[in-house]
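Worksheet for the structure shown next.
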Amino acid sequence: MERKTKQAIIGTSIALFIIFIIIIASVMKSLTPSKEVMALEEYYKVSDKEVLIILQDKIYEKKGILADGQIYLDYDTVIKTFNKRFHWDGFENILSYTTPTEVIKAEVGSKEYFVNKNKKEADKVIVKTEGNQVYVSIDFVKQYSDLNYEFYEEPNRAVIEYKTGDYLYTNVKKSTQLRVEPSIKSKILSQLEADTKLLYVDTSEVVKKGFSKVMTEDGIIGYVKNKNIRDSFYETIESDFAAPEYTHISKKGAINLVWHQVTNRDANNGLLNLLEKTKSVTTVSPTWFKVENNDGNISSLASETYMERAHSKGVEVWALVDDFNPEVNMLEVLSYTSKREKLINELVAEVIKYNIDGINIDFERISAEAGRYYIQFIRELSVKCRNNDIVLSVDNYVPADYSAYYDREEQGIVADYVIIMAYDEHHGNSEVSGSVSSIGFVEQAVKRTLEMVPKERIIMGIPFYTRLWKEVQENGAVKVTSEALGMSSGIDILESNDVEPVWNKEAGQYYGEYQKDDATYKIWLEEDESIEAKLKVIDQADLAGIAGWKLGLEKESVWNIIQKYIN
């Protein structure tokens, strides 16, 4: 029995010892860092013709391409991330870029490009296409944009720095490893020597299982053990990039512009008679030019005599061009580089020929699809205007989400004046009766525009007209029609129907209605008091001035009101 007991004790002891050894070995194994290395080519998987893009400290979802030693970025990334003023014409395969004084153009597959009319040559092809995908040389983008980059091989990767500000860094305390995951058992990406500088990638992961997520200067992102790095510190990334400065023609004093509707050459002769009744008008905008066809040609009613008469009164002329011809497809006109150029050249040629002071763009039929081409047109036209000392003003609807593609903010940068047409709140196609321009509508127009455009470049359009609304019951529904009336005509209609208008505080206008021939007639008047209410809002916002639509529809007495605020 004693022998058996001793054998049992010895066996148990041996088993316990073996278990102890296994436990110790297991613990030692768990505490022993992995020495397995992951090749960067496996970690950053890119082909020989691709480039991994690292934006600041983030791996970008799209890859660039590498051709003849040059990195190319896809066009969408260029305009959304680095510089929205690059413009691609997929019809004529032309990449354009505008500065305040230059229009730069490059064709697909060419090293040559034009700066205005001067030919230049880059070291590499500027723009490439692969099917419908467009790629732009990163060096060409850098030439006009606030970015710097470093290129590294094996695998191909570009670390692009394009944001300034304070960033959190650390230095390696002693030789250590950068790993794929926050674990000593994770594979090694890179051996880090002492004093290696690291950028914290995600400060929310500064402490994670004793590791921090960091990026090396050559763009390798991984985890480093906290005990092997020093205290963190901030460094400021700065840029010496000089953004282009857009100069503007700013008229001294407030602008008091009136649009003059000119439908034929004979109508030019009425200018002096119309101006004779006004006060403090600084500018007249005759409706002289129209986009005539899809090739970018214009028709013109410009007149030397008109110019001489306006200038003799000390009044500038900003000739208007509209897109009202229903046979013209503005998307067709504006999406082709050559057609935009033709339209711009014809406009500027007419302005120079007749010594016109400015151009007023009144394109009201622009679709969302045509929006980016329209803005490129405004940019390119602004270059020609700036180089020829021509005032450029652009007419706009009151800002709203549905018309955001008119990009009033960009207009405010490149154009001299942004004009907001603070009327047609209720227009000829409205299904309900209402004010053409209530005070609340004007207030919102001012407020929203100021969020996008500097006050010194905003001109607020006001109406010299109203609408007489007619409501008729038809098949249980109300049918609404209207007609536009000048100020005096609106007042006269109420007087002839023995209606005493009542001030409507909410609208900031006198309101009147009457019944006649089974119809209800309604009118929100524009007259001295309603115009003054609008002028007070405009004056308080300290805008550049006003624009009235249209000359000849106003009451003569309203000029005394305008003169109080615009002089």
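The values are calculated or read from the model by the stated rules, or taken from the named source; none is laboratory data. Source: prediction; values computed, not measured. For neighbour counting, all protein chains shown are included, and Cβ atoms are generated from backbone atoms with ideal geometry for every residue, glycine included. Surface accessibility is based on the protein's heavy atoms, side chains included, excluding ligands, DNA and RNA. Shrake-Rupley method; radii C 1.70, N 1.55, O 1.52, S 1.80 Å.
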For ALA302, net neighbour charge (Lys/Arg +1, Asp/Glu -1) across residues whose Cβ lies under 11 Å away
0
Within the stretch 338-357, the residues whose backbone N lies under 18 Å from a label point placed 7 Å from the Cα of ASN294 along the Cα-to-Cβ direction are 338-343
How high is the relative contact order of the stretch 158-245? Use alpha-carbon pairs under 8 Å, at least six apart in sequence, and give a whole percent.
36
To make sure I understand the rule: partners must be aspartates and glutamates, Cα under 15 Å from the Cα of LYS45, and not fewer than 8 residues away in the same chain. Which ones qualify?
GLU61, GLU153, GLU154
Computed helical MRE - 222 nm, the chain, DSSP H runs ≥ 4 contributing -39500 (n - 2.57), nearest 500:
-8000 deg cm²/dmol
For ARG457, what accessible surface area do you get with a 1.4 Å probe? Give it in Å², rounded to 10.
40
With the crude spin-label approximation of a point 7 Å out along Cα→Cβ, what separation in nm comes out for LYS111 versus LYS342?
3.3
Under 20 Å from a label point 7 Å along Cα→Cβ of ASP146: give me every residue in the stretch 404-436 with its amide N that close.
409-415
Sorting TYR306, TYR149 by accessible area (1.4 Å probe), largest first, what list results?
TYR149, TYR306
Points 7 angstrom from Cα along the Cβ direction at HIS311 and TYR169: gap in nanometres?
6.1
Chain lengthening between GLU451 and THR12 when straightened (0.36 nm per residue, less Cα-Cα):
149.7 nm
Might you report the magnitude of the Cβ-based charge dipole of the stretch 243-317 about its Cα centre, with Lys and Arg at +1 and Asp and Glu at -1, to the nearest 20 debye?
400
Given Cβ charges of +1 for Lys and Arg and -1 for Asp and Glu, the option among ASN273, ASN388, ASN148 whose Cα lies farthest towards the positive end of the dipole of the chain is ASN148
Let's test the formula: R0 of 22 Å, r as the Cβ-Cβ distance of ILE59 and THR32. What FRET efficiency results, to the nearest 0.05?
0.15
Anything over 18 Å Cα to Cα? Flag those among LYS252/LYS353; LYS197/LYS225; LYS455/LYS505; LYS49/LYS197; LYS187/LYS213; LYS516/LYS550, in the order listed.
LYS252/LYS353; LYS455/LYS505; LYS49/LYS197; LYS516/LYS550
Place +1 on the Cβ of every Lys and Arg and -1 on the Cβ of every Asp and Glu in the chain, take the dipole about the Cα centre, and give the residue among VAL258, TYR397, GLY486 whose Cα lies farthest towards its positive end.
TYR397
Can you tell me the relative contact order of the chain? Whole percent, Cα pairs under 8 Å, sequence separation 6 or more.
10
Mind checking the dipole of the stretch 192-241: about its Cα centre, +1 per Lys or Arg Cβ, -1 per Asp or Glu Cβ, Debye to the nearest 20?
520
Which of PHE377, SER338, GLY358, positive extreme of dipole for the stretch 338-397 (C-beta unit charges):
SER338
Matching label, semi-axes √(5λ) of the Cα gyration tensor in Å computed from the structure shown, candidates (1) 59, 26, 21; (2) 42, 24, 23; (3) 68, 32, 21
(3)
Indicate, rounded to the nearest 5 percent, the antiparallel portion of the DSSP beta bridges found entirely in the chain.
65
Working out 0.36 nm times the residue gap between ARG265 and GLU217, then minus their Cα-Cα distance, what length gain in nm do you get to one decimal?
10.4 nm
Based on the mean of other Cβ atoms within 10 Å per residue, sort peptides 414-427, 235-248 so the most packed one is first.
414-427, 235-248
From the cross-link list LYS342/LYS384; LYS62/LYS142; LYS58/LYS142; LYS63/LYS209; LYS277/LYS564, the entries with a Cα-Cα span beyond 22 Å are LYS63/LYS209
Is there a quick way to get the dipole size of the chain? I mean about its Cα centre, with the Cβ of Lys and Arg at +1 and of Asp and Glu at -1; what is the value in debye to the nearest 20?
3340
Heavy-atom accessible area of ARG230 with all protein chains present, probe 1.4 Å, nearest 10 Å²?
100
